[in-house]
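The structure under discussion appears below in the form of structure tokens.
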Amino acid sequence: MKHLYRYIICIILTLASLVASAQSVKVRIHTNMGDMVAVLYDDTPKHRNEFIKLVQEKHFDGTLFYRVVKNFVIQGGSSDSKNARPGQHIGYGEEADNIDSEFTKKRFHKFGALCAPRQPDKVNMLKTSDISQFYIVRGQVIADSVLTMMEKHVNNPIKKRLHELYHYPHKDRLAELKATDKKAYNALVKEIKDKIDFEYRISEHLEFTAEQREAYTTIGGTPDLDGEYTVFGELISGFDVLRKISNMKVDKNDRPLTDVRMTVTIED
């Protein structure tokens, strides 16, 4: 059964790579642990173009994967990591120009996703990206029932608020009409339901697509980051390197005890 599961995972990754490779730009992330190749999505053009610019300027060359959190992400590229002493805490580094977020349901935090970090909400309410560094998702496989629980955790309070806003003020009127005028009762019920449905559709509710559920329950990822950080590419090779780096021993600041240094180039 274990071998069959691994075989299925390999097929999924291969198919995903074939689809992803249709994108126009590929980058190679060369490290002392091995190479990873990623595609940059054409439907996140601001991030794609800024990342290409930084690669051409050799901004990432000599930087480290300085933050490694097992079953979560590996993060690198900070200018502070160049020539950093062993054990030195590494900060955010010099910022590139902030880029407007490019969120889309089509691009999400599955295993191997290439993503842009950003400053916290308290100083960055618009959730603009700063891709002077980047992270790659390791994540973990998540049960479908857990994804459903995540949806309910976000959506139930929204539904409750809308019910209180549109239904509660009409409770007495609805009770009266239900006993005296069925037609008027049904009309008011429909009016309330339509308002609730409309407000719910435009709210920030959570609903995983079939593609997201398929990925998160097979190859894994970090769905709690969706809609918070922009995903602008994905690995098409080097998944074993991602796994090796994500399993490294780290210090109290999540920096690997052995430096993982990189150079990034555009693939021909």
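The values are calculated or read from the model by the stated rules, or taken from the named source; none is laboratory data. What you are looking at is a predicted structure, and each value in this text was computed from that prediction instead of being measured. Methodologically, a virtual Cβ is constructed for each residue, glycine included, from the backbone with ideal geometry; neighbour enumeration extends over all protein chains shown. Accessible surface is based on the protein model in full, side chains and every heavy atom, while ligands, DNA and RNA are left aside. Shrake-Rupley method; radii C 1.70, N 1.55, O 1.52, S 1.80 Å.
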Original post:
(1) within 30 Å of N98 (Cβ to Cβ); (2) assigned to a loop (DSSP other than H, G, I, E, B); (3) open to solvent by less than 40 Å² (accessible area, probe 1.4 Å): which one isn't true of H205, the others all being true?
Top reply: (3)
Original post:
Only one of these conditions is not met by I142: (1) part of a helix (DSSP H, G or I); (2) in contact with a helix residue (DSSP H, G or I) (Cβ under 8 Å, 6 or more places away or on another chain); (3) at pLDDT 95 or above. Which number is it?
Top reply: (1)
Original post:
Can you pull out the residues in the stretch 216-263 that are in contact with a strand residue (DSSP E or B) (Cβ under 7 Å, 6 or more places away or on another chain), assigned to a loop (DSSP other than H, G, I, E, B) and small (G, A, S)?
Top reply: G220, G238
Original post:
Hey, does the stretch 233-251 have a residue that's touching a helix residue (DSSP H, G or I) at 6+ places or on another chain (Cβ under 7 Å) and loosely packed, with under 15 Cβ neighbours inside 10 Å?
Top reply: no
**OP:** Please give the number of the condition T63 fails out of (1) polar (S, T, N, Q); (2) open to solvent by 50 Å² or more (accessible area, probe 1.4 Å); (3) at pLDDT 95 or above.
**Re:** (2)
Original post:
What residue, of Y185, Y229, Y168, is open to solvent by 40 Å² or more (accessible area, probe 1.4 Å) and in contact with a Cys (Cβ under 9 Å, 6 or more places away or on another chain)?
Top reply: Y229
Subject >> Among residues of the stretch 137-155, those that are open to solvent by 80 Å² or more (accessible area, probe 1.4 Å) and out of contact with any Ser or Thr (no Cβ under 9 Å at 6 or more places or on another chain), counted >> reply: 3
Original post:
What pairs can you find where one residue is in the stretch 142-153 and at negative phi, the other is modelled with pLDDT under 95, and their Cβ atoms are less than 6 Å apart, with a gap of 6+ or different chains?
Top reply: E151/L206
Original post:
Has the stretch 256-263 got at least one residue that is open to solvent by 60 Å² or more (accessible area, probe 1.4 Å), within 22 Å of I90 (Cβ to Cβ) and of a type outside the set (D, E, K, R)?
Top reply: yes
